[in-house]
Structures are given as C-alpha cells and as structure tokens.
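Notes follow the structure.
The values are calculated or read from the model by the stated rules, or taken from the named source; none is laboratory data. Keep in mind that what you see is a predicted model, and the values were worked out from it rather than measured. Heads up, the Cβs are rebuilt from the backbone with ideal geometry, glycines too, and the neighbour counts pull from every protein chain shown. Surface accessibility is based on the protein's heavy atoms, side chains included, excluding ligands, DNA and RNA. Shrake-Rupley method; radii C 1.70, N 1.55, O 1.52, S 1.80 Å.
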Amino acid sequence: MAKRLDIKDLNIYYGDFHAVKDVTLEVPPRCITAFIGPSGCGKSTVLRTLNRMHEVTPGAYAEGSVLLDGEDIYGRNVDPVSVRATIGMVFQRPNPFPTMSIRDNVVAGLRLQGVRNRAELDEVAERSLRGANLWEEVKDRLDKPGGGLSGGQQQRLCIARAIAVSPDVLLMDEPCSALDPISTLAIEDLMGELKKEYTIVIVTHNMQQAARVSDQTAFFNLEGAGQPGQLVEISDTETMFSNPTKKETEDYISGRFG
Ligand SMILES: Nc1ncnc2c1ncn2[C@@H]1O[C@H](COP(=O)(O)OP(=O)(O)OP(=O)(O)O)[C@@H](O)[C@H]1O
Ligand SMILES: [Mg+2]
C-alpha cells in the first residue's frame with residue numbers, strides 16, 4: 001500500500017563528515033518525487049536514509065525523523081531490516097543475482113520472509129513480472145539465469161523483485177543511467193504505471209527525465225567542497241522547471257538545458 005513519507009530536520013553524517021544538512025520535505029503517496037542536483041550534493045545519501053540503508057556504511061548515521069504514515073522509521077523499537085523490506089530500493093546498475101533463475105530472483109525477498117508455498121511464489125512472480133512490464137519477454141524462460149537478460153530487462157527484473165514484497169515506498173537511484181534510450185523509455189513508462197500503486201522517489205541526473213516522469217521535484221545543492229548538501233527548493237515539477245523560486249535553481253536547470 002502506498003504510504004507517505006515526512007522527512008523532518010534530517011542531518012546525515014559519514015563519521016565526522018556532515019554530508020547533508022537540515023532536510024525537511026514531504027513525499028506524498030501515489031506520486032513520483034524526483035531528487036535533482038549536482039554530483040556530491042547528497043541525493044543518494046538522502047535516498048539511502050529513507051530506508052535505513054545509510055547506516056549500513058560503518059560510521060554513518062542520521063539525525064532527525066523520517067515518518068512513514070506517521071511512524072518514525074528511526075523509532076526506538078523499529079527493526080531496520082523490516083524497514084528495508086517495506087521501503088524497497090532499485091539501484092543505478094541492475095543487480096540481479098546473476099546465476100539465480102529469473103523466477104527465483106523475483107521471489108527472493110518473499111523466500112527470505114519465509115514464504116515456501118510454490119503456487120503462491122509462482123503467482124507473485126507472474127504478477128510482479130507483469131507489473132514490471134517484463135512478463136511477455138521472459139515467461140518462456142523463467143528457469144534461465146537472471147544474468148542472461150539485457151541490461152534494460154535486468155533493471156525491470158530488479159523492479160519486479162522490489163515490488164514482489166508489496167513495498168510501501170519504492171526508492172530508485174538513477175535507475176536508467178546504465179540503460180539505452182529505449183530501455184530508459186520502457187522504465188519511465190513503467191514508473192508512470194507503478195505510481196498508481198506506489199510512492200516513488202527517484203534520483204536522476206537527467207532533467208528531461210525529471211520533467212517527464214515526476215510530479216514534484218526537489219533540488220539539492222552544496223555551497224562548496226566539504227560543505228554539507230542542502231535542499232534548496234521543492235515544488236511541483238511544472239513550477240520547478242518553468243518558474244523556480246530561487247536563482248540557484250534556475251541557474252542549475254538552465255545550465256543543464258542550455
Ligand atoms: N560511503 C561514504 N563515506 C564517506 N563519504 C561518503 C560516502 N558516500 C558518499 N559520501 C560523501 O557524501 C557526499 C554526498 O554523496 P552522495 O553520493 O550522496 O552524492 P550524490 O548527490 O548522490 O552524487 P552523484 O550525483 O555523484 O551520485 C559526498 O561528499 C560524498 O563524497
Ligand atoms: Mg548518487
């Protein structure tokens with residue numbers, strides 16, 4: 001079920017390094033929120049804080065709160081592993097388990113959760129592959145290894161794997177940056193479908209992509225090397241690209257388009 005995220009006063013650190021400062025933003029359900037901004041401003045860091053992947057890095061921690069439909073995922077009794085199961089992530093490079101079959105790749109998360117019933121696993125595999133717009137291409141080769149698919153197919157397989165566990169939120173860190181234009185369009189179309197059911201946050205370097213797929217856009221920037229990244233501006237995507245409030249945002253957007 002799609003849930004909302006409320007991020008409040010988030011400060012993110014790698015040991016002594018203050019990587020991202022004072023982020024407050026709302027991520028509504030059934031929408032695509034895009035994070036844009038220059039390299040190093042902290043987009044991936046913020047994204048990884050939203051499902052507690054950030055703290056997997058030794059010495060890394062975050063302060064502030066991230067509420068999932070009102071419940072703080074950093075709450076005292078919250079198990080980070082269960083957070084990662086309900087807030088799924090798709091990475092820049094497709095990372096299926098290469099020797100594992102296509103079907104088993106999709107249901108790997110469910111197996112981890114203890115589901116053993118073959119009929120149920122098969123049903124979820126089909127539904128997720130259909131949801132990821134990959135079913136027709138792989139239905140006759142479900143027992144073949146995931147590593148044998150094209151890059152674009154592998155990325156859709158990773159999306160199928162992420163949605164197989166019915167996550168509340170889907171985080172995507174530059175999911176198309178390793179893909180050709182046709183596969184990129186396939187993923188963008190897919191995101192348009194998925195947002196009917198999921199809350200989606202996507203990091204992208206591609207302004208046109210942000211403008212095409214997202215409903216709201218957050219622009220991050222940093223004042224200089226060694227300084228923490230900051231959220232400069234967030235608004236609905238149309239406003240952001242046609243009439244940004246801050247000059248900084250306008251410079252960034254027009255620089256990239258120009
Ligand atoms: N594992 C890490 N250990 C220490 N510092 C890190 C680590 N990962 C990222 N950083 C630092 O945190 C800051 C933000 O990095 P991050 O990867 O979030 O930026 P980004 O906006 O995603 O950049 P890009 O667009 O290049 O992916 C950078 O200064 C980066 O060097
Ligand atoms: Mg990044």
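Given contacts defined as C-alpha pairs under 8 Å and at least six residues apart, what's the relative contact order of the chain, whole-number percent? List each step's numbers first, then the result.
Working: 511 pairs, mean separation 71.9, N = 258.
Computed value for the chain: 28 percent relative contact order.
At 1.4 Å probe size, with the rest of the protein present, what percent of the exposed accessible area of region 63-135 is carbon and sulfur atoms?
Numbers: 2030 of 4100 Å².
Of all accessible area on region 63-135, carbon and sulfur atoms account for 50 percent.
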With the 1.4 Å probe rolled over protein heavy atoms, the chain has an accessible area per residue in Å² of 47 Å²
LYS195: accessible area at probe 1.4 Å, nearest 10 Å²?
-> 60 Å²
Cα Rg, Dmax (largest Cα-Cα span) when computed across region 119-247, Å = 17.2, 56
Spin-label model distance (nm) - TYR61 vs ASN11, 7 Å beyond Cα toward Cβ | 1.2 nm
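Quick check: at a probe of 1.4 Å, how many percent of the accessible area of region 171-234 sits on carbon and sulfur atoms?
Values: 1230 of 2500 Å².
Looking at region 171-234 in its full context, I get 49 percent from C and S.
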Equivalent-ellipsoid semi-axes (√(5λ), Cα gyration tensor) for the chain, whole Å, largest first?
-> 31, 22, 16
Can you grab the distance from the C-alpha centre of region 14-41 to the C-alpha centre of region 150-206, Å, no decimals?
-> 19 Å
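What number results when the radius of gyration of region 82-159, computed over Cα atoms, is divided by 2.2 N^0.38 Å? Walk me through the numbers on the way to the answer.
Working: Rg = 11.8 Å, N = 78, 2.2 N^0.38 = 11.5 Å.
Ratio of Rg to 2.2 N^0.38 Å for region 82-159: 1.03.
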